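Q: I have a structure I would like to understand better, so I am pasting it below and will then ask my questions one at a time.
The values are calculated or read from the model by the stated rules, or taken from the named source; none is laboratory data. Bear in mind the structure is a predicted one, so any value in this text is a computation, not a measurement. Every residue, glycine among them, receives a Cβ derived from its backbone with ideal geometry; neighbour counts consider all protein chains shown.
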Amino acid sequence: MAYTPTDWKNGDIITADRLNKLEQGVSNEQIGPQGPKGDTGEAGKDGVTPQLQSNGTEIQVSTDNGGTFKTLVRIPKRF
């Protein structure tokens, strides 16, 4: 059964029945047939997954499958 929203007005009393109607309407909308599988997304740039490493003083990233690493951020010394 389709959900029919309540036309709330100022001064209306909120009752358990009205709240339960709302809850059931929300619940009904979350149940339904599964849709068709979507299209496969495009591969990322060059199909590369960035890799991270740390040498203890900085965090580095590689975008060429670990060939070269560039510094992202330096790790501050602890006091």
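Q: Quick one: in region 22-61, of everything that is outside any loop (DSSP other than H, G, I, E, B) and hydrophobic (A, V, I, L, M, F, W, C), which residue is modelled with the lowest pLDDT?
A: The residue in question is VAL26.
Q: Here is a follow-up. Let me confirm something: among ASP7, ASP64, which residue is surrounded by 10 or more Cβ atoms within 10 Å (Cβ to Cβ), part of a loop (DSSP other than H, G, I, E, B) and not hydrophobic (A, V, I, L, M, F, W, C)? Steps first, please.
A: Values: ASP7 fails: surrounded by 10 or more Cβ atoms within 10 Å (Cβ to Cβ).
After ruling out the rest, the residue left standing is ASP64.
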